[in-house]
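The values are calculated or read from the model by the stated rules, or taken from the named source; none is laboratory data. Note that the structure is a prediction, hence the values are computed from the model and not measured. Heads up, the Cβs are rebuilt from the backbone with ideal geometry, glycines too, and the neighbour counts pull from every protein chain shown. In case anyone asks, the SASA skips ligands and DNA or RNA and just uses the protein heavy atoms, side chains included. Shrake-Rupley method; radii C 1.70, N 1.55, O 1.52, S 1.80 Å.
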Amino acid sequence: MAANLTADEIAIRDLAIEFFSGRASLDSQHQAAQRIGQGDGAPDMARALCKEMADLGFFSQAVPESQGGLGLAPKVSGLIAEAAGSELVPGSWLDQLVAVILLSDAGPAVLTPVLNAEHIVSVGFDAPQPLLRWDETAGTLSGRISGLRFGASSDRWVIVSGDHVNVIDPATAVIDDDADIDALSMSSMARLEAAVPLYRGELPRGREQALAVAGGLVAAFSIGASARCLDIAVDYVGSREQFGRPIGSFQAIKHRAANAWAALLHARSTVELAAAGGWSSGATEARIAADGCYRSIAESALQMHGGIGFTSEVPIHLFVKNSQRLRAWPRPVDEALDSVRAELGLDTPQEHQR
């Protein structure tokens with residue numbers, strides 16, 4: 001996302017690129033996957049990374065100055081997410097980035113520990129037809145919530161249900177862990193039984209507003225990952241020789257790389273447009289475009305590497321798995337597509353079948 005950036009925004013982008021490449025590079029992803037897959041130090045790794053990001057102001061940049069933040073434009077969060085995507089940075093930092101935006105009006109008692117990464121959070125979204133029930137009289141929340149990434153190791157859950165955002169202490173819930181296909185992430189399903197939120201606030205645009213912010217940042221992450229994945233593939237086909245010349249000179253490889261580049265340019269422009277508008281419009285479309293681009297480029301890169309692409313000798317398999325895992329958060333891509341169909345007045349597939 002490099003369009004129309006101010007000097008301050010360029011400085012933050014460059015700082016984020018330097019930070020992530022130095023602390024969470026792809027070169028260390030294999031070891032990280034093994035450690036996290038074995039449960040070795042995963043929470044500590046995520047906490048340390050979030051703390052460093054907090055110290056650099058990566059979380060506070062999106063919060064108004066009146067709430068202790070830097071008050072920068074919403075697209076700055078996208079720049080940070082894109083830089084992290086280029087290194088496939090693992091951990092709960094993305095939830096943290098989303099949470100500070102959703103809690104910007106919560107007041108210092110709730111917001112400050114999240115800004116400073118004293119509380120590591122997981123962000124979850126209730127279903128379109130809510131599975132969580134709010135008891136107005138008792139002031140409690142009950143029901144089930146899924147998709148809490150790193151939920152078992154978080155200090156707080158930030159749960160969006162209907163028009164409200166709730167901060168929940170995990171100690172008041174029952175957690176059922178479900179290991180994701182990617183060892184770099186864990187998702188949890190939880191059951192709340194008359195849980196009293198530590199904070200409950202109204203979102204002006206409800207669930208859709210929260211999904212727009214989270215989906216936009218996932219889209220920015222996907223653009224960064226897509227670009228890096230394509231760079232790796234192009235470098236490989238430029239150096240791998242067959243029949244006495246680089247395989248990148250073969251017409252089929254050229255076409256595959258050119259199609260991937262065109263898809264990246266289209267998706268990037270869609271994400272930049274949504275980011276420039278503060279994720280207030282176009283974020284869902286950006287998420288859908290970036291999702292398709294990421295999966296397409298990851299699969300193309302796999303094919304461009306040939307047989308070696310399926311091995312752990314190159315990092316392409318990390319992108320392939322990550323592109324699939326991202327499809328489920330903050331909501332499944334199919335649900336996002338249904339939302340766009342509804343806005344256009346089109347039938348969903350289920351309605352068409354009926």
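Before moving on, here are some points about what is shown:
- Listed peptides 120-127, 151-158 by packing density, highest first (mean Cβ within 10 Å): 120-127, 151-158
- Distant alpha-carbon pairs in the chain (separation over 28 angstrom), percent: 43 percent
- Pair residue 280, residue 252: separation of 7 Å Cα→Cβ label points (nm): 5.0 nm
- FRET E, pair residue 138, residue 303, Förster distance 51 Å, beta-carbon r, rounded to 0.05: 0.35
- Solvent-accessible heavy-atom area per residue, rounded to whole Å², over the chain at 1.4 Å: 45 Å²
- For segment 61-112, the fraction of alpha-carbon pairs in successive 5 Å shells from zero, as %: 5, 20, 28, 23, 15, 8, 2
- Size of segment 51-186 as Cα extents on the principal axes (Å, biggest first): 39, 38, 26
- Contour minus Cα-Cα distance for residue 7 and residue 261 (0.36 nm per residue): 88.7 nm
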